[in-house]
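Working notes, beginning with the structure itself.
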């Protein structure tokens, strides 16, 4: 951030007066569709002016949760979930499918566009993620914000985030992997790692990390909540205050659940006969080793990279470089993907790389061509 | 053309400042909608545009499309109700057109409005929009559009 931005922000903060108060509530472990309905209820109630700015914690029974615009059938092993009692739900926010069980903590902030004095949504997302990461560092883990992959420790994902804007009400949510059963996750979701890589479990598990794995045992959820609240209080200059769920929020959530978010039609999503799988891979043998890239596209027609998986027997130091490359490719426009690879290596600070950046570029572009079909 | 904090706001349009949406009256009685330069500057580069389909009805004040930028998704809301008669397929294919050309190539949908006179009365004409937008930007802490084009 530039000095002038910081100065503007200090001025804005002075103009705002004391730290804005955020009510803190916890909806505990609830059915996934009910939790999502509560998301929408908070947004509606905030827009109506009947609740103020709020931080909410939430948890889920085993649930496969697809993003707002995803195809349920394409993202989730629906039959497996139904047979095993894993819930199915659709978020009101975008992004990819995720698996939730009580080992993950969800958090969300609902607030007025003017509360934090930051108008740029990109900047807001960064500040919220940095505050969450700083909070998690209080637990003794080196959590950092990494654009697109959100909150990570040494390149491995500790939590994801996403936001929803509607008029002057902003809603930003995230997860913390306190504990995780990777087998249950892979059984519930059609993740490309599982589909494409020879060692699906190792590959998927290697890209995420939990507080339990980092600390030796899972910290109590209350401790994780306290850490996050401290991070938000300091990083966003707000004052979290314990509060209660209102009867209006509950009633609104129930109505939204029964009329829309809890219905099979909403969870199944719109039929999308034009949808293509958008999945492809390519390998290149170079003097520095073999590079294999698997790409999953998104958009109709496909216009950007949803996920990239880069594997091979090349040498690279530091080892997190490839995870960072995958992160840099996520969301990249297809026509810009090759340049993204080159820009990434130019800035990455990589010290040893046995294959050339141009080889990575070529393989990524070949994988995109394969995915486009 | 009014220019507020570096954001262009053509004066031949009508504005819903709260929702950052512009309206253009077309000769056939339909209206064209789009996001203002302020909206696209605040949201950053758009990566997805999902309009309601042509033929679908939109209620006044409700969403006619969903837009996504980076980590954020949200509705584009129409102050006018009516039927969607056309969606901008070029924007579906290249969502960042809303950033680079918000008032021409980056339009969202064309609506056959119901009670247009009623909806129009809630909108601010371009010639008068500068003060309303300046107040909105000040309230939101929005510095301006400079340097936000893709």
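None of the figures in this text is laboratory data; all of them are computed from the coordinates on show. Here the structure is a predicted model, which means the values were calculated and not measured. No Cβ is skipped: glycine too gets one built from the backbone with ideal geometry, and neighbour counts run over all protein chains shown.
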Inset, instruction - From other protein chains only, count the Cβ atoms within 10 Å of every residue's Cβ in A:118-125, then give the mean. - result: 6
Inset, instruction - Give the angle, between 0 and 90 degrees and rounded to the nearest 10, that separates the Cα long axis of helix A:337-347 from the longest principal axis of the Cα atoms of chain A. - result: 80
Legend entry - Candidates B:106, B:55, B:44, ranked by Gaussian network fluctuation over chain B, Cα under 10 Å, top entry: B:55
Legend entry - Gaussian network model of chain A, springs between alpha carbon atoms under 10 Å - residue of A:285, A:210, A:93 with greatest fluctuation: A:285
Legend entry - Contact order normalised by residue count of chain A, Cα under 8 Å, 6+ apart, percent: 17
Inset, instruction - Would you mind telling me which residue in B:115, B:16, B:101 has the biggest mean-square fluctuation in a Gaussian network model of chain B, where springs connect alpha carbons within a distance under 10 angstrom? - result: B:115
Legend entry - Extension gain (nm, one decimal) between residue A:181 and residue A:260, 0.36 nm per residue minus Cα-Cα: 25.4 nm
Inset, instruction - Between the alpha-carbon centers of region A:303-351 and region B:1-78, tell me the distance in whole angstrom. - result: 34
Legend entry - Helix axis angle, A:3-16 relative to chain A longest principal axis, alpha carbon, degrees: 20
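Work out the FRET efficiency for residue A:80 and residue B:139 from their Cβ-Cβ distance, taking R0 = 41 Å, and round it to the nearest 0.05.
0.25
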Legend entry - Gained length - residue A:346 relative to residue A:230, 0.36 nm times residue gap less alpha-carbon distance: 38.1 nm
Inset, instruction - Could you tell me how many degrees, from 0 to 90 and to the nearest 10, lie between the Cα long axis of helix A:247-256 and the main elongation axis, the longest principal axis, of the Cα atoms of chain A? - result: 40
Inset, instruction - Which order do the peptides A:217-224, A:102-109 take when ranked by the mean count of other beta-carbon atoms within 10 Å per residue, highest first? - result: A:102-109, A:217-224
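If you take the beta carbon distance between residue A:48 and residue B:100 as r and set R0 to 30 Å, what does 1/(1 + (r/R0)^6) give as a FRET efficiency, to the nearest 0.05?
The pair residue A:48/residue B:100 has a calculated efficiency of 0.25.
Mind running the shape call on the protein assembly as shown? Use the C-alpha gyration tensor, a ≥ b ≥ c as the square roots of the eigenvalues: rounded below 1.5 for a/c, prolate if a/b tops b/c, oblate otherwise.
rounded
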Legend entry - Tensor-based shape of region A:279-372 (alpha-carbon gyration tensor, a/c under 1.5 rounded, otherwise prolate or oblate): prolate
